[in-house]
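Notes follow the structure.
The values are calculated or read from the model by the stated rules, or taken from the named source; none is laboratory data. These numbers were taken from a predicted model, which means no experiment stands behind them. All Cβ positions, glycine included, derive from the backbone under ideal geometry; neighbour counts span all protein chains shown. Surface accessibility is based on the protein's heavy atoms, side chains included, excluding ligands, DNA and RNA. Shrake-Rupley method; radii C 1.70, N 1.55, O 1.52, S 1.80 Å.
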Amino acid sequence: MSKRTYLSQTELMIMLAIMRLGRNGYGIPIAQEIAARTGRELAIGVVYSTLWRLEDDALVRSEVGESTAARGGRAKTYFQLTAKGVKQVREARQSLQQLWDGIPQLKGSLT
Amino acid sequence: MTFRRPPRVATWLLKHLLYGRHKESLMGDLIQLHQDGRSSGWYWRQVLTALLAGFGDAVRTLGISLAMSLCAAWGAILLWRELNALFIRNSGDLYWFLRDALGSFAPALDGTNGILVLVWLVGAFLRVLCFAASGWIVARLHPRQQRIAITALIVSLLVWSVPWQQIRIVGAELQSLTHYGSALAGILVGGWLAMARGSGRKLART
């Protein structure tokens, strides 16, 4: 497995959403959390495709949950970040922060 | 609460064509959201996006192995092209051999182009055999997604057509149809044999 050196924006958003959701991180809430906080509508298929990629790189792990009649009897898959995933998110934040710092045009733009 | 059934064709496409590890969960999520009131148009858009994303995943995870298996299968097809050229060169001899061997039946067969049809059938058999070999090779070398590999081989054959010869016993349109038809049949038979062998092994292990 090759070492990851960066996260794409979608990957980072999904990983942050998983962290926010705690133990309830499966496809629908992840997409809804991202839509609610960023206004960006991700297709469920894109969410799963990204999660699979992250899982391949051992940044997230999955666990099969319960199935309900409303889902046509299909089980949910819950996702959580691994220690490696948390480290990667932290590193991404640091790198972005270093790029952010000291740019006069961006100072105070978030307030 | 009554169950609102999502579009059947879209669900079928998702079930059979989607490549990915969490296929069942993705289908469950889409069904749940449709059940919660999302429209059929929304469901279709989600399915098509999922299929596209799945295709990207397939290329990412299987690309190299798929390319290698396609190359090997094309090796078998090109080998067949050489064998076929040899067969065409010697088909006249085969015709006379069959004519002599069939003795008293020959005049009756000749009257209906029977011997020519026999020679054509030998060529068609060789063709099916070689394409079956290519279908078998592509499925065996790409065991994780055999259906995708077989489909890719068929598509590649339609895109890069092999310059082939065959004995002409029918019109030009039918000629092409018989050729592609036998090639397709060969690939499907070969692929099916490889898949049947794979599932036989899985059963033996359990």
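When residues in region B:36-80 are screened for being within 14 Å of chain A (Cβ to nearest Cβ), among the aromatic types (Phe, Trp, Tyr) and under 19 Å from the mean Cα position of the chain (by Cα), 1 of them pass. B:Gly20 meets each of the listed conditions (1) among the small types (Gly, Ala, Ser); (2) within 14 Å of chain A (Cβ to nearest Cβ); (3) assigned to a helix (DSSP H, G or I) apart from (3).
Can you find a residue that is within 11 Å of chain B (Cβ to nearest Cβ), open to solvent by 20 Å² or more (accessible area, probe 1.4 Å) and in a helix (DSSP H, G or I) anywhere in region A:78-95? Don't jump to the end; show me each part of the working.
Keep residues of region A:78-95 that are within 11 Å of chain B (Cβ to nearest Cβ), which gives A:78-79.
Remaining after also requiring open to solvent by 20 Å² or more (accessible area, probe 1.4 Å): A:78.
Then drop every residue that is not in a helix (DSSP H, G or I), which leaves none.
There is no residue in region A:78-95 that is within 11 Å of chain B (Cβ to nearest Cβ), open to solvent by 20 Å² or more (accessible area, probe 1.4 Å) and in a helix (DSSP H, G or I).
Checking each residue in region A:19-56 for being crowded, with 22+ Cβ neighbours inside 10 Å, touching a residue at least 40 places away in the same chain (Cβ under 8 Å) and among the hydrophobic types (A, V, I, L, M, F, W, C) picks out A:Ile30, A:Leu54.
Condition (residue is over 31 Å from the mean Cα position of the chain (by Cα), closer than 30 Å to B:Gly123 by Cα, polar (S, T, N, Q) and away from chain A (no Cβ under 14 Å)) applied to region B:81-104: is it met by at least one residue? Yes - at least one qualifying residue is present in region B:81-104. Among the residues of region A:69-111, those that are polar (S, T, N, Q) and either under 24 Å from the mean Cα position of the chain (by Cα) or modelled with pLDDT of 85 or more (or both) comprise A:Thr77, A:Gln80, A:Thr82, A:Gln88, A:Gln94, A:Ser95, A:Gln97, A:Gln98.
Residue-wise test of (1) open to solvent by less than 40 Å² (accessible area, probe 1.4 Å); (2) part of a helix (DSSP H, G or I); (3) closer than 25 Å to B:Cys130 by Cα; (4) touching a residue at least 40 places away in the same chain (Cβ under 8 Å).
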residue	(1), (2), (3), (4)
B:Arg5	no, no, no, no
B:Gln32	yes, yes, no, no
B:Leu52	no, yes, no, no
B:Ala58	yes, yes, no, yes
B:Trp74	no, yes, yes, yes
B:Asp100	no, yes, no, no
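Scan region B:39-50 residue by residue and report those that are surrounded by fewer than 17 Cβ atoms within 10 Å (Cβ to Cβ) and within 26 Å of A:Asn24 (Cβ to Cβ). Spell out how you get there, then give the answer.
Taking region B:39-50 as the starting set, the residues that turn out to be surrounded by fewer than 17 Cβ atoms within 10 Å (Cβ to Cβ) are B:39-42, B:44-45, B:48-49.
Listed by number, the residues that qualify are B:Ser39, B:Trp42, B:Arg45, B:Thr49.
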